[in-house]
Amino acid sequence: MTAQLPALQVAIPLACAPLCVLFRVRFVPWLLFVVAAVGSLVCAALLAGRVASEGTVRYAMGDWRAPAGIEFVVSAFNTPVLLLVSLAATVTAGYARRSVAAEIEPRRRRLLYACLCLTLAGLLGLAVTGDVFNAFVFLEISSLATYTMIAMGQHRRALLAAFRYVVIGTVGAVFVLIGIGLAYAVTGTLNMADLAERLAEGHDNRALQAAVVFVFVGLAVKMAVFPLHAWLPGAYAEAPSVVSTFIAATGTKVAVYVFCRFAFTVFGAALVFGVLRIDRIGLALAALAMLVGSAAACFQQDLRYLLAWSSVAQIGYILAGVSLATASGVSAAYLHLINHAVTKAALFAAAGLLVMQLGSVRLSALAGLGRRMPWTFAAIVVAGLGLVGVPPTAGFVSKWALVTALVERGMWPVLVAMLASSLLALVYVGRIIEVVWFREPPASAELEPTQSPATPASMVAAIWFLVLLTVYFGIDPTFPGGLADAAASALLGSGGE
Amino acid sequence: MNRTPRPGWLDDPRNVTRIVYGLYAVCAALLVAELVIGRKAEFGIEAWFGFYAVLGFIAYCGIVYAAKALRRLVRRPETYYQDQDVRDE
Amino acid sequence: MIAGLYVYWALFAVMLIGLYVVISHGNLVKKLLGLTVFQVGVFLFFISVGKVAGGSAPIIAEGAGPYSHPLPQVLILTAIVVGVATLAVGLALAVRIFESYGTVEEDELERVADEQPEPNGAFGAQCVPNAPFGSERGGGRS
Amino acid sequence: MSDVLLNPGLVLIVGAAGLPLLRGRAQQLYLLALPLLALALLVRLSFGERGRLSLFGLELVTIRLDALSFVFALAFLIAAVLAVIYSWHLRDATQHVSAVIYAGAATAALLAGDLITLFVFWELTAVASAVLIWARRSQASYRAGLRYLLIQALSGVLLLGGAVLQHSVEGHIRFELMALDNPAGWFVLLAFGIKGAFPFLHNWLQDSYPEATPTGTVWLSVYTTKLAVYALARGFAGTELLVWVGVAMTLFPVFYAVIENDLRRVLSYSLNNQIGFMIAGVGVGTELAINGAAAHAFAHIIYKALLFMAMGAVLHRVGTIKASELGGLHKSMPWTARFCIVGSASISAVPLLSGFVTKSMILAAVAEDGRWVAFALLLIASAGVVDHSGIKIPFFSFFAHDSGLRCREAPAGMLLAMGLAAALCIGIGLYPQPLYDLLPYAVEYVPYTASHVITQAQLVLFAAAAFSFLYRRGLYPPEIRSVNLDADVVYRRALPYGWHTASRAVERLRLTAGPPLRRRAASTWVATTGPLRPNGRLGTAWSTHLMVWCIVLLLGALILLTVR
């Protein structure tokens, strides 16, 4: 049984997806999603244990040996991603029941759960696969399911956001496909380890260089790197709360992982950062993303748009860490990836709760509500401070790691951009605090009796679990830090640098 | 306080004059002593006869006159800073 | 061995035509068609990579001569499925958009979305003149 | 660790805590016992370094006793004994406690072997001495004390800054000879310069000392500036700059002293001038010069304390110390007058008194070094000393025209202290060898040569003759109630005035230029942040054309930039 774990990791959620559609009983689809999430979390935990004790685990799909067959690889570089995705799914599952019940019309609920299972399967598959074409397929599975879920948002703008995401996401995925095709044309293999072996030399091949560029531009769309970020604010803000909670924690993060995997273990750092100097462009885009994302977040009128723009900035931080291509930089990027996923999931979950109770998360509608909903807003503030990077939240730890990594390489302009972005983060988080606690509630809210339904305990529990996790990772970062360090050394160790 | 305002020795101006003349006499005696005993000197002008006597006298007068000039420049009423202090409060 | 470079140029042109359609046409359905053309160009590119000049279909039989590389064809079968799924999702969205906005022209969509208030009153237009972080014209987007 | 407690300064500081617990005679005796105990401890302590502490990885040396620190410490503690006797009549625990802490902190600062320890006690002297000024409990003294504390604290901050800099540059915090080739040296020199009342940094002295209590000024006159002299001798001996700083310090206070009406302020200027002699000696830096500076500091502590004691006694009895109000007091206070004359003669360097045997060492060292300009200027300053301290102080308070004031002789304690101080002045003058034996370097200097006695006597007596000449002709400037502007006008008048003016101007500017500026700023703000707003170019939901354009352009740019 344990030998099949890598396959089960993906198979469980994949199998749950069609079952969700088949069962018409009300709570079964939700239960199936819980099964998928918990099952994958168990698999991920067991795999992480095995990787820690035995090293890299390789699994040949259908017993077709690599390089001909599809291979699943679990190693230190993807266990953090597996754990993160499945943990986010589990927490989302806890959050989902009441949130979905409140936001989605009954006939679509099982479809939503099916899509959630598919997204989970796609993201996990993307993380676990050792085959580049397989990676493209999983990328598309998760993307297609995500497009569909975003379209289920409450308002018609969600349709437009989803459509735009379809177009740009498909172009991005096809770019990845072109890149894979070029790499295949050059090497004749699709297995990542095999590719790495064959690409160790011959870096001046133009087709190969073009392959690298195509893959990275394609992935940049999925990562929402500025200026390819434009799909993100709409998609995150218009999607149903449960979806935005889940994909904010996982979608872009898995794309970052795939970026790392391609950069360090497929094409090799020598080619990507040595010959092509992708790192310079990555750092420049990262700095831009930090500044533009945070600045735009300051002007948003809607809490979820604000959070989405902040994600654009945070992706900049992670990209900066990766682009440094040093052990400390990649480790900081992983750490920030984990911490930001937890923090942003908490924020979107809290925003979802507010949507459910107030019908709107426009900042003007939140004025003066801090005293009426102290727990929800306390969660938002704690997590928001995590975005700024105030100790003792997790954001501080990872930003600090990133600062040290930047200083180590002497990347002062990026450091300045990062500090400016953090300052702007303070502004937008400060705006939330100011509105929520120091503004008078709008007169209409005083007149109307509050008809908000009772706060569901399951949602509050999910939110506070994530918030406390943020604080815990801030106080005791040994667990995520250890994962990140192991991941960085696994990536760079086999990256040929 | 002091009970008897008996006139002291110094209250008589003649005595004061005597002291002053005594001082002048001692000064003269010192010049004579320099002449008789002689002294060492380190620098050129210092070796001139009566250098220290002249220096003491001239420097003293110079300081006093300079101070008088200075007073014209820096003198202010006693309440000068008090006005400022009061305004501060 | 490879079928000649002109094939790549031709396929490159197909891809660019697809992309150009996506960029130049405001109609959502046309955009999706452009996207499909773009994808098809890529699929053909993949297959042409595996083509061996003079090779037969990759069927293992006694005395068979050289045959084209089968793996790209297998991959592209998968990719076609993915492409079809994408097209389906896109078209479904286009239909939904037409139902709710009454148009599938992107520029018009943007205008309509800004002009008409959202169905839910709580998300309606809320003009905040001279707010510290600026005002927002027309309808909200929550 | 335990030898940290062998610090005579610490004995005083810790012992001061016991003072408020005692009353009356017991308190007086305890007060007297403290400096005596410290003195005994100091004498019994062997030379060397002890009391090492480790603080945050810094090596502290809390006690470093060598010949240089010993002379100063001995003078400090003798002065403490004298000051305690002088304030025998006083029933004010606040003053006693702060005075003893002040003396202890100054002594401990002398013994500090590193900059951090020095800083700690440096600041403690500032705080403790400020209390002595406030203890006068008048509005003027409160404000003067505040200014004083502010400036002293600034000195401490500079010292700390210097210590930190030195630690970062040189990697140690030992207090040794410092160079001016790095900023640490300049910071520390400036800190010392403030406490040593360098020109333009001096005004705290003339500002605050006359505002302290009669006894408080005696304490103040002993420690702060001499601590600075010691610190300069330790850290900056032989620094050329100090020669000229010292010469300037001997000269400019002389003019102010002539026209100053408040006699304790006259003494403050005179104090400043005497410090100048010592700093010039430190600047010359030869063995004889350092010896001279140390010996002069020792003698100066005694006679300056004696002069402040005499003026304090007058203030104590009469209630004013303005020359224009005083005169003829020799009838009421004959002994005070006599002791005052001894002090005045000492400071004027009249042969057979202490100033003569110490100041001449500095002058000799300057001459020996071939600095004839400095030598001549110091001689001129010496003539000035004769005026303000030698003649003006005793003459205008005890003689001159009879003001008609009649009072009792000073209290017994004051008289005893003055008597002891006067005896020391005469003793050192007559028999300087014991003092010479204490000096840092071996002394071959012989003060009593015929040549030296004649020249010095000529200088002093001709100056005195000039005074009598001018005074009897009515050419001597009369004593007038006035305030004389000094460098303190900058921070007491110009700065506040400038601040008021500037704030008014800013207010006017705000009213006139504000609105258009604000409008301009607002429009610029809108223009720059416009794209970021939710419906701005960047912040709005991008259309698919734009997004696809972006990806194509990025791809193109990447290919152009990277593929080669």
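The values are calculated or read from the model by the stated rules, or taken from the named source; none is laboratory data. Remember, it's a predicted structure, so these values are computed and weren't measured experimentally. Cβ placement follows ideal geometry from the backbone for every residue including glycine, while neighbour counts extend to all protein chains displayed.
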Task: Residue check for D:S397: over 30 Å from D:A67 (Cα atoms), part of a loop (DSSP other than H, G, I, E, B) and of a type in the set (S, T, N, Q) - done: no
Task: So D:W204, is it at pLDDT below 95, closer than 28 Å to D:L82 by Cβ, assigned to a helix (DSSP H, G or I) and in the same structural domain as D:A79 (by TED's automatic domain parsing) - done: yes
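Does D:V222 qualify as being farther than 25 Å from D:A179 by Cα and outside the structural domain of D:Y431 (by TED's automatic domain parsing)?
When the stated conditions are applied, D:V222 passes them.
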Open item on the list: Scan segment A:225-232 and tell me whether some residue there is among the small types (G, A, S) and either more than 12 Å from every other protein chain (Cβ to nearest Cβ) or without any contact (Cβ under 8 Å) to a residue 60 or more places away in the chain (or both).
Closed with: no
Open item on the list: Checking A:I168 against (1) within 13 Å of chain D (Cβ to nearest Cβ); (2) hydrophobic (A, V, I, L, M, F, W, C); (3) surrounded by fewer than 22 Cβ atoms within 10 Å (Cβ to Cβ), only one condition comes out false. Which one?
Closed with: (3)
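Based on this model, can you work out whether A:S86 counts as within 25 Å of C:I47 (Cβ to Cβ) and either out of contact with any Lys or Arg (no Cβ under 8 Å at 6 or more places or on another chain) or facing another protein chain (nearest Cβ under 9 Å) (or both)? So that I can check it myself, show each step before the final result.
On the way: within 25 Å of C:I47 (Cβ to Cβ): no; either out of contact with any Lys or Arg (no Cβ under 8 Å at 6 or more places or on another chain) or facing another protein chain (nearest Cβ under 9 Å) (or both): yes.
Answer is no for this residue.
So for segment D:282-290 (the condition being in contact with a Leu (Cβ under 6 Å, 6 or more places away or on another chain), assigned to a helix (DSSP H, G or I) and surrounded by 24 or more Cβ atoms within 10 Å (Cβ to Cβ)), does at least one residue qualify?
Step one: list which residues in segment D:282-290 are in contact with a Leu (Cβ under 6 Å, 6 or more places away or on another chain), which gives D:282-283.
Narrowing further to those that are assigned to a helix (DSSP H, G or I): D:282-283.
Filter again for surrounded by 24 or more Cβ atoms within 10 Å (Cβ to Cβ), leaving D:282-283.
Looking for residues that are in contact with a Leu (Cβ under 6 Å, 6 or more places away or on another chain), assigned to a helix (DSSP H, G or I) and surrounded by 24 or more Cβ atoms within 10 Å (Cβ to Cβ), one finds at least one in segment D:282-290, hence yes.
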Task: Condition broken by A:G130, with the remaining ones in (1) under 17 Å from the mean Cα position of the chain (by Cα); (2) under 27 Å from A:T79 (Cα atoms) satisfied - done: (1)
Open item on the list: Given the criteria out of contact with any strand residue (DSSP E or B) (no Cβ under 6 Å at 6 or more places or on another chain), more than 9 Å from every other protein chain (Cβ to nearest Cβ), farther than 21 Å from D:F395 by Cα and touching a residue at least 40 places away in the same chain (Cβ under 8 Å), does D:P434 qualify?
Closed with: no
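Taking the stated definitions as given, is C:I80 more than 8 Å from chain A (Cβ to nearest Cβ), at negative phi and either of a type in the set (D, E, K, R) or surrounded by 15 or more Cβ atoms within 10 Å (Cβ to Cβ) (or both)? Working first, answer last.
Values: more than 8 Å from chain A (Cβ to nearest Cβ): yes; at negative phi: yes; either of a type in the set (D, E, K, R) or surrounded by 15 or more Cβ atoms within 10 Å (Cβ to Cβ) (or both): no.
Considered against the rule, which asks whether it is more than 8 Å from chain A (Cβ to nearest Cβ), at negative phi and either of a type in the set (D, E, K, R) or surrounded by 15 or more Cβ atoms within 10 Å (Cβ to Cβ) (or both), C:I80 comes out as no.
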Open item on the list: Let me spell it out: the conditions are (1) more than 14 Å from chain B (Cβ to nearest Cβ); (2) assigned to a helix (DSSP H, G or I), and D:L470 meets all of them except one. Which number is the exception?
Closed with: (1)
- [ ] Please state which one of A:L307, A:L353, A:L319 is under 21 Å from A:P80 (Cα atoms) and either basic (K, R) or part of a helix (DSSP H, G or I) (or both).
- [x] A:L319
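Could you list, in sequence order, the residues of segment D:473-484 that are within 7 Å of chain B (Cβ to nearest Cβ) and surrounded by fewer than 19 Cβ atoms within 10 Å (Cβ to Cβ)? Write out each step before concluding.
The initial filter retains those residues of segment D:473-484 that are within 7 Å of chain B (Cβ to nearest Cβ), namely D:476-477, D:481-484.
Once the filter is applied, which keeps residues that are within 7 Å of chain B (Cβ to nearest Cβ) and surrounded by fewer than 19 Cβ atoms within 10 Å (Cβ to Cβ), segment D:473-484 yields D:P477, D:R481, D:S482.
Here is a check on your reading of the model: is B:Y52 facing chain D (nearest Cβ under 7 Å), surrounded by 13 or more Cβ atoms within 10 Å (Cβ to Cβ), over 30 Å from D:H500 (Cα atoms) and modelled with pLDDT of 85 or more?
Working: facing chain D (nearest Cβ under 7 Å): yes; surrounded by 13 or more Cβ atoms within 10 Å (Cβ to Cβ): yes; over 30 Å from D:H500 (Cα atoms): yes; modelled with pLDDT of 85 or more: yes.
Spelling it out, B:Y52 is indeed facing chain D (nearest Cβ under 7 Å), surrounded by 13 or more Cβ atoms within 10 Å (Cβ to Cβ), over 30 Å from D:H500 (Cα atoms) and modelled with pLDDT of 85 or more.
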- [ ] Inspect all residues belonging to segment D:34-46 and state whether any of them is within 24 Å of D:A233 (Cα to Cα), of a type in the set (G, A, S) and either part of a strand (DSSP E or B) or free of Cβ contacts under 8 Å to residues at least 60 places away in the same chain (or both).
- [x] yes
Task: Within segment B:13-45, considering residues that are more than 7 Å from every other protein chain (Cβ to nearest Cβ) and assigned to a loop (DSSP other than H, G, I, E, B), the one nearest to D:E368 (Cα to Cα) - done: B:A41
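So, in segment D:440-457, of the ones that are under 32 Å from the mean Cα position of the chain (by Cα) and facing chain B (nearest Cβ under 7 Å), which residue ends up farthest from D:I393 (Cα to Cα)? Spell out the reasoning first.
At the first step, the residues of segment D:440-457 found to be under 32 Å from the mean Cα position of the chain (by Cα) are D:440-448, D:452-453, D:455-457.
Among the residues that remain, those that are also facing chain B (nearest Cβ under 7 Å) are: D:455, D:457.
Details: D:T455: 24, D:A457: 20 Å.
The residue in question is D:T455.
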TODO: Only residues that are surrounded by 14 or more Cβ atoms within 10 Å (Cβ to Cβ), among the small types (G, A, S) and either farther than 20 Å from A:L118 by Cα or out of contact with any Cys (no Cβ under 9 Å at 6 or more places or on another chain) (or both): list them for segment A:15-68, please.
DONE: A:S40, A:A44, A:A45, A:A48, A:A60, A:A66
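Taking the options D:A305, D:A297, D:A280, name whichever one is in contact (Cβ under 8 Å) with a residue 12 or more places away in the chain, touching a Phe, Trp or Tyr at 6+ places or on another chain (Cβ under 9 Å) and under 16 Å from D:G216 (Cα atoms).
On the way: D:A297 fails: under 16 Å from D:G216 (Cα atoms); D:A280 fails: under 16 Å from D:G216 (Cα atoms).
The unique qualifying residue is D:A305.
Of these, A:A183, A:A101, which one is in contact (Cβ under 8 Å) with a residue 40 or more places away in the chain and out of contact with any strand residue (DSSP E or B) (no Cβ under 6 Å at 6 or more places or on another chain)? Before you say what the answer is, go through the steps one by one.
On the way: A:A101 fails: in contact (Cβ under 8 Å) with a residue 40 or more places away in the chain.
So the residue among A:A183, A:A101 that is in contact (Cβ under 8 Å) with a residue 40 or more places away in the chain and out of contact with any strand residue (DSSP E or B) (no Cβ under 6 Å at 6 or more places or on another chain) is A:A183.
Report, by residue number, each residue of segment A:134-158 that is over 25 Å from A:V10 (Cα atoms), at the interface with chain C (Cβ under 7 Å from one of its Cβ atoms) and out of contact with any Gly (no Cβ under 8 Å at 6 or more places or on another chain).
First pass over segment A:134-158, keeping only residues over 25 Å from A:V10 (Cα atoms): A:153-158.
Now drop any that are not at the interface with chain C (Cβ under 7 Å from one of its Cβ atoms), which leaves A:155-157.
Matches in segment A:134-158: A:H155, A:R156.
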Task: Single condition A:V73 does not satisfy, out of (1) among the hydrophobic types (A, V, I, L, M, F, W, C); (2) surrounded by 24 or more Cβ atoms within 10 Å (Cβ to Cβ); (3) in a strand (DSSP E or B) - done: (2)
Open item on the list: Checking the structure you have, find out if any residue of segment D:534-548 is exposed (fewer than 13 other Cβ atoms within 10 Å of the Cβ) and away from chain A (no Cβ under 14 Å).
Closed with: no
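When segment D:443-457 is examined, which residues are found to be in a loop (DSSP other than H, G, I, E, B) and either free of Cβ contacts under 8 Å to residues at least 60 places away in the same chain or closer than 15 Å to D:I362 by Cβ (or both)?
Here is the first cut: in segment D:443-457, the residues in a loop (DSSP other than H, G, I, E, B) are D:443-449.
Listed by number, the residues that qualify are D:V443, D:E444, D:Y445, D:V446, D:P447, D:T449.
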Open item on the list: Go through (1) touching a residue at least 12 places away in the same chain (Cβ under 8 Å); (2) surrounded by fewer than 21 Cβ atoms within 10 Å (Cβ to Cβ); (3) farther than 20 Å from D:V258 by Cβ for D:K322 and report which single condition fails.
Closed with: (3)
